[in-house]
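Notes follow once the structure below has been shown.
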Amino acid sequence: MRRLVLIPLLVMMGCAETPRQQAVAADQKVADETKLARLLQGYTPGEPMTCLPQISGQYNTTGVGDTLLYSNGGRVIYRNDTTGCSGVERGDVLLTRTNQSRLCRGQIASTFDAISRNPTGSCSFGEFIPYRKNP
């Protein structure tokens with residue numbers, strides 16, 4: 001009986017992050033926040049929206065950690081804090097499957113390696129926050 005309790009405990013300990021991994025994650029979070037601040041400098045956030053507005057043309061997508069930025073070259077950048085789309089920043093392809101013509105909160109997207117086409121993860125969208133360029 002004692003061994004049955006010990007085995008799950010050992011497995012859980014193997015999953016815990018080491019202090020070095022925690023430090024690297026903290027450094028990466030600071031770097032992501034700094035990069036986001038730089039990309040959104042000169043823009044003012046607005047009220048969160050459930051869906052990304054439809055426009056003629058396409059949005060350019062930029063990944064910063066788990067945050068996605070959508071812009072169409074205009075005066076508005078839409079920010080979406082996802083849960084797990086960090087691969088987009090390093091060049092992974094973001095694939096969304098929807099029966100709508102727009103992206104909305106709660107939809108799930110998958111990420112794939114651009115070269116091997118192997119899946120690298122998935123994430124769900126949060127609210128879209130418009131950032132308007134300051135006059």
For segment 89-97, Karplus couplings with θ = phi - 60° (6.51, -1.76, 1.60), whole Hz, Gly/Pro x: 4, 8, x, 5, 8, 9, 10, 10, 10
Rounded to whole Hz, the Karplus (6.51, -1.76, 1.60) HN-Hα couplings of segment 20-27, x for glycine and proline: 5, 5, 5, 5, 5, 5, 5, 4
Alpha-carbon Rg/Rh ratio, for segment 40-133, with Rh computed the Kirkwood way: 0.96
Amide H contacts under 5 Å for LEU103, placed H, 5+ residues apart: LEU52
Around GLY63: net Lys/Arg minus Asp/Glu count, Cβ-Cβ under 15 Å: -2
Extended-chain gain in nm, criterion 0.36 nm per residue less alpha-carbon gap, GLN21 and THR98: 24.1 nm
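Read-outs throughout are calculated quantities, based only on the coordinates presented, and are distinct from any laboratory measurement. Keep in mind the model is a prediction, meaning the values are calculated, not measured. Glycine gets a Cβ as well: all are built from the backbone with ideal geometry, and neighbour counts include every protein chain shown.
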